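Here is the structure we will look at.
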Amino acid sequence: VQLQASGGGLVQAGGSLRLSCVASGRTLRTYNMGWFHQAPGKERVFVAAVSWSGGTYYASSVKGRFTISRDNAKNTAYLQMNNLKPEDTAVHYCVADNSLIMSSIKNEVSWDYWGRGTQVTVSS
């Protein structure tokens, strides 16, 4: 599975962005999808995930502001980010896996497939 993330950019605090993750090589229908981000000088951390059956999971820091979704027909996952804050500034990575246990989704080693990141910068 190859993942291509896009949609990052520069936005003011309070603004919105929508990230997209297009997969190729396999159909995503049976894959769990997710997003991690890595801020400068910090570790990569879990942001959100959507299971193959449509269940959604969020980090507490983004709950209520971000929405993850998927369109299996387009082999694409999305991350709608609203009310962005300067602390959301990070490189955002799309991830996929078809065998992880959902209780382990916040652990980056649980995910087999990673796309190149897309930069999100939020100015104050």
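The values are calculated or read from the model by the stated rules, or taken from the named source; none is laboratory data. Since the model is a prediction, treat every value here as computed from it, not as a measurement. A quick note on method: Cβ atoms are made from the backbone with ideal geometry, for glycine too, and the neighbour counts reach across all protein chains shown. Just the protein is used for accessible areas: all its heavy atoms, side chains included, with ligands, DNA and RNA removed. Shrake-Rupley method; radii C 1.70, N 1.55, O 1.52, S 1.80 Å.
Averaged per residue, what accessible surface does the chain expose to a 1.4 Å probe, in Å²?
Per residue, the chain has 51 Å² of solvent-accessible surface.
Counting only pairs 8 or more places apart or on different chains, how many lysine pairs in the chain have C-alpha atoms closer than 23 Å?
Going through the chain pair by pair, I get 6.
If you take the beta carbon distance between residue 42 and residue 6 as r and set R0 to 22 Å, what does 1/(1 + (r/R0)^6) give as a FRET efficiency, to the nearest 0.05?
0.45
Solvent-accessible area of residue 10, probe 1.4 Å, all protein chains present, reported in Å² to the nearest ten, please.
Residue 10 has an accessible surface of roughly 130 Å² with all protein chains in place.
What does the charge count around residue 76 come to, taking other residues whose C-beta lies under 14 Å from its C-beta (Lys +1, Arg +1, Asp -1, Glu -1)?
Here the count lands on +4.
If you put +1 on each Lys and Arg Cβ and -1 on each Asp and Glu Cβ, how big is the dipole of the chain around its Cα centre, in Debye rounded to 20?
200
Give me the net charge for the shell around residue 91: Cβ to Cβ below 10 angstrom, other residues only, Lys and Arg +1, Asp and Glu -1.
+2
Estimate the FRET efficiency between residue 22 and residue 59 by the formula 1/(1 + (r/R0)^6), using the beta-carbon distance for r and 22 Å for R0, to the nearest 0.05.
E(calc), rounded to 0.05, equals 0.45.
Given a Förster distance of 22 Å, report the FRET efficiency between residue 51 and residue 87 from their Cβ-Cβ distance, rounded to the nearest 0.05.
0.25
Within a Cβ distance under 11 Å of residue 57, other residues only, what is the Lys/Arg minus Asp/Glu net charge?
Residues near residue 57 contribute +2 overall.
When N is the residue count of the chain, what does its C-alpha Rg come to as a fraction of 2.2 N^0.38 Å?
Scaled against compact globular proteins, the figure is 0.97.
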